[in-house]
Structure formats: C-alpha cells, structure tokens
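Report on the following structure.
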C-alpha cells in the first residue's frame, strides 16, 4: 500500500484549545465505499468545540473536524458518484477534516458545482445542510407558510446568517437574536425581518410585541442552557422548540408537564447526522443547498480565516463569540 504524509490536528485528551496538536499522519488507499480527498479548505463548527471539550465525549486520540472541500484523489470499490479529479465537499461522520489529506466514507461526499469555490464549499456544508433540515424538515404542526413568524437564536453566526437568507426566500418572518447591536445589524442585512439584542432586551417580551401577543410557530435554538426555558415562552400553543446545539451549555432536565402548562408544546432535539444517513438523503439536501447558493438567494459569508496550524486560536475566537458568519481553516 502506498502511504502519503499529511499534516493533521489531533487531540489526545478532552480539554481546552491547547489540546489541539499539529501532527504528521500516514494516509493510505481508500477501501470499499471510501474515497481519498485532498482538502483545499476546511470548515470550523461549534460541534468541533463540543468534541474537543468533552461535552460530546470521543474515544482518544481523535482527529477533529466535520466538513471540508477539496479534490478527490482516489475512490474505493463500489463508489460510483465520485471519480478522481472531482471537486467535492462534505459534512460527514466520523470526524477528521482537520488535515491536508484523508481517507473517509464516500456516501456523504457530494460533487461541488463549478460555480461554488472550495472556500465556500468548506464553509457551507454542515451549516447549510443544518439550515436545510431545520427550515424544510423540522416543522411545527401544520408546517410553515409564507408570513409565519419563526424565532432563530444566534442569528449572526454561520448557521444563523444562512437561515436568515433562506427564511426570507421562503417568505418567512424570521426574528433573529444576537448578543450585540452589530450582530443584530448583520442579521437584519441578511434577511431577518426583526432582530433582538438579547444582551439589552427581554427577547420574550419583544417576541410577544412583534407577534401581537401570539408567539411564534417554531423556535430554532442552538444556544441551549441560556435560552431554552425562555424560548418555550415565545411559542404559541402547539408550537415547536427545535433544539440543535448547546453553545451556552447543556439544557437542564425538564418535566414534560411544563409543555402542557405552556400550551401543549412540542420539543425536539435534532442533529444533522440523523438526516444524512443515506446517500440519497444527503444528495437531495445538498442539491437544494447548492441551488440556493448558486441562485444567489443565499450568500455564504466567510468572516474569519485561520491557517490549519492556528486552529487553537480559531477555537478561542469561536468560544468567545467573537466570530460572525462562517470560519474556515486554510491550507
């Protein structure tokens, strides 16, 4: 077997950004159902922080990273949707995108349209597919129609800015929250119908004002501990709280009786990787994302770039909420 050397980021134990170490690894040939891909750019996501810190425990050592874009170098037996030389992008399990070169399962890797750059491809796959499953698949009772109000926390982040634009394209009135006036302005510029600075405003009261006391049909919440309980108070009867992250920490245990008292509410905990378990589902979701980006309805905003070797600083910036839009690692 031919082995090629690649730089990669490993951690040997859970902890802070200082655990991220640049190492050299040997990369071989793809087996059945696998590809070898040489990365051109790598996406950074909050799930990377969860896995590094131990909030999502991982077997050690582990190579972090869930998304990237690059060029397919080789394909294993049974892989028919990709060929050597193809431009490709992915959001995929298992982790491992923090590297120059890797062998990985092919089923969640998609051909990248020529109209989309490698940097955009790396920045958008996990976040864009997340928005796709939230706005198109994670729906309240009766679905969503043009004119409906939805509440989206962290609206100025990578997922949030995509959601603002996608919601506008669907005709939804997205109410976005963020932690500063600058971030609120960014969300508004990207399509949020209303914005709330949760650092200075009571977002529950503002949501009730905006919706004439009715509340929203659905809250999309990646913040977790700091927003979960009060998000329930933003919902109209039979509304849905869709939790998909824990940026402020895990949500405390909750009695189901609360849901009845607040209006027979629904709660779901979503994760992208349950939506992309098959090649067909992954491709259908990616096709819709690609169409939104190529059409110009959704612009992928990359506000931070770090060299792969500087990934620890990238993690510090993300955890300190100093980032907006998407962040990528460059090679």
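All but one of (1) without any contact (Cβ under 8 Å) to a residue 12 or more places away in the chain; (2) assigned to a loop (DSSP other than H, G, I, E, B); (3) within 20 Å of residue 66 (Cα to Cα) hold for residue 255; which doesn't?
With (1) without any contact (Cβ under 8 Å) to a residue 12 or more places away in the chain; (2) assigned to a loop (DSSP other than H, G, I, E, B); (3) within 20 Å of residue 66 (Cα to Cα) applied to residue 255, the lone miss is (3).
Within segment 209-247, work out how many residues are touching a strand residue (DSSP E or B) at 6+ places or on another chain (Cβ under 8 Å) and in a strand (DSSP E or B).
Summing the residues that are touching a strand residue (DSSP E or B) at 6+ places or on another chain (Cβ under 8 Å) and in a strand (DSSP E or B) in segment 209-247 gives 14.
Might you let me know whether segment 38-60 holds any residue that is under 18 Å from residue 331 (Cα atoms), without any contact (Cβ under 8 Å) to a residue 40 or more places away in the chain and surrounded by fewer than 21 Cβ atoms within 10 Å (Cβ to Cβ)?
No, segment 38-60 contains no residue that is under 18 Å from residue 331 (Cα atoms), without any contact (Cβ under 8 Å) to a residue 40 or more places away in the chain and surrounded by fewer than 21 Cβ atoms within 10 Å (Cβ to Cβ).
How about segment 261-272: which of its residues are assigned to a helix (DSSP H, G or I) and surrounded by 16 or more Cβ atoms within 10 Å (Cβ to Cβ)?
Scanning segment 261-272 gives a single hit, 272.
Any idea which of 238, 290 is on the phi > 0 side of the Ramachandran plot, surrounded by 13 or more Cβ atoms within 10 Å (Cβ to Cβ) and at pLDDT 95 or above?
The conditions single out 238.
For segment 75-189, list the helices (runs of 4 or more DSSP H) that sit wholly inside it and hold at least 3 residues that are more than 18 Å from residue 277 (Cα to Cα), touching a residue at least 12 places away in the same chain (Cβ under 8 Å) and not assigned by TED's automatic domain parsing to the domain that holds residue 65; which are they?
Fully inside segment 75-189 and qualifying: 158-170, 181-189.
Test of understanding: among 299, 319, 280, which residue is out of contact with any helix residue (DSSP H, G or I) (no Cβ under 9 Å at 6 or more places or on another chain) and either surrounded by fewer than 20 Cβ atoms within 10 Å (Cβ to Cβ) or outside the structural domain of residue 95 (by TED's automatic domain parsing) (or both)?
Matching residue, one of 299, 319, 280: 280.
Residues checked against (1) closer than 30 Å to residue 154 by Cβ; (2) surrounded by 17 or more Cβ atoms within 10 Å (Cβ to Cβ); (3) under 19 Å from the mean Cα position of the chain (by Cα):
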position: 11; (1), (2), (3): yes, yes, no
position: 22; (1), (2), (3): yes, no, no
position: 29; (1), (2), (3): no, no, no
position: 32; (1), (2), (3): no, no, no
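The values are calculated or read from the model by the stated rules, or taken from the named source; none is laboratory data. Remember, it's a predicted structure, so these values are computed and weren't measured experimentally. Please note: Cβ atoms are built from the backbone with ideal geometry, for glycine as well, and neighbour counts cover all protein chains shown.
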